[in-house]
Ligand SMILES: N[C@@H](CCC(=O)N[C@@H](CS)C(=O)NCC(=O)O)C(=O)O
């Protein structure tokens, strides 16, 4: 079986796909594309949508992290990414849906804002990426010429001051939800499921922002991300105003 994973450096759903492939022991090749430019490249590669992650499995195209988790269970059933019990499966599917449709955008929105302020920290995401993601340039040169990509990333993700501030305020309640899913046993078990990978990858990206990491590190959600994504690339210096981070430190009373 020939499996290719299309990713962009630092992409959390692509990291989820990577972790699920490795969890199942499936051999694959990863192709890292440059962010933003990836949209056009995905079309050139013949995909119907313009986002990553995407897989080619013996040439067959599968796009989107939730399609990928199901595809991986079909081609390599063990270990399963979804429980056999129908009620448990429904709970995992709902957690995975929430992770993709609601939680996933939060780290994406705040990331471009911080990377604009600490452009050189992009190197920490690019270092382990393949040459196409750096457009054939050394990581430092790719970063030095990344202004238009960062500006476009900010525009596409509406990463304005107002949105980033309200997104930071939304992260605390979202992590309360993750901690509750763990307490209820939907995620965080010994055998990780599709929702563990989906949600854990978003927490792993949040942990690359040093000031966000400091505010969330003692949560169960952060422990899940450390366990499932010990290799997650990237480190961005403290970026956000302290008052924007304050709501993140408040935890739900349980
Ligand atoms: N929700 C989709 C991910 C869609 C998405 O926005 N992917 C980002 C990477 S995290 C992307 O392709 N970004 C390229 C761009 O916006 O130009 C999934 O879980 O598969």
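All of the numbers you see were taken from the coordinates with simple rules; none came from a lab. For clarity, every value in this text was computed on a predicted model and none was experimentally measured. We place every Cβ from the backbone using ideal geometry, glycine too, and count neighbours over all the protein chains shown.
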If each Cα of region 145-254 is one equal point scatterer, what is log10 of I(q)/I(0) from the Debye formula at q = 0.18 Å⁻¹?
-0.96
Along principal axes, Cα extents of the chain, largest first, whole Å:
49, 47, 27
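Taking the beta-carbon count within 10 Å as an exposure proxy, list 1, 137, 20 from fewest neighbours to most.
With the sparsest Cβ surroundings first, the list reads 1, 137, 20.
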Most exposed first by the Cβ proxy, i.e. fewest other Cβ within 10 Å, how do 177, 12 rank?
177, 12
As a test of the formula, what do you get for the chain when each DSSP H run with n ≥ 4 contributes -39,500 (n - 2.57) and the sum is divided by the residue count, at 222 nm and rounded to the nearest 500 deg cm²/dmol?
-16000 deg cm²/dmol
Would you mind computing, in nm to one decimal, how far apart the modelled labels at residue 214 and residue 184 are, each placed 7 Å from Cα along Cα→Cβ?
3.3
Most fluctuating residue given options 115, 41, 33, as computed from a GNM of the chain linking Cα atoms under 10 Å
41
Relative contact order, percent, the chain [alpha-carbon distance under 8 Å, six or more residues apart]
23
Quick one: P(r) of region 1-100 from all Cα-Cα pairs, 5 Å bins, percents rounded to integers, in order of increasing distance.
3, 13, 24, 24, 17, 12, 5, 2, 0
Give the value in nm², to one decimal: projected area of the alpha carbon convex hull of region 112-154, averaged over all directions.
2.6
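Regarding region 95-189, what whole-number volume in Å³ per residue does the convex hull of its Cα atoms give? Can you show the working numbers first?
Working: hull volume 11.6 nm³, N = 95.
Expressed per residue, the convex hull around the Cα atoms of region 95-189 is 122 Å³.
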Considering only 238, 86, 220, give the residue with the highest GNM mean-square fluctuation for the chain, with springs between Cα atoms whenever their separation is below 10 Å.
86
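Pop the C-beta distance of residue 39 and residue 137 into the FRET formula with R0 = 25 Å and round what comes out to the nearest 0.05. Walk me through the numbers on the way to the answer.
Numbers: r = 20 Å, r/R0 = 0.79.
Result of the calculation: an efficiency of 0.80.
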Debye-sum result for region 74-139 in log10 I(q)/I(0), which assumes one identical scatterer on each alpha carbon, at q = 0.20, 0.29 Å⁻¹:
-0.87, -1.16
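If you take every DSSP beta bridge fully contained in the chain, what fraction is antiparallel? Give it as a percent rounded to 5. Mind showing how you got there, number by number?
Working: 8 of 13 bridges.
Counting DSSP beta bridges with both partners in the chain, the antiparallel share is about 60 percent.
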Over what distance in Å are the Cα centres of region 24-79 and region 159-188 separated?
26
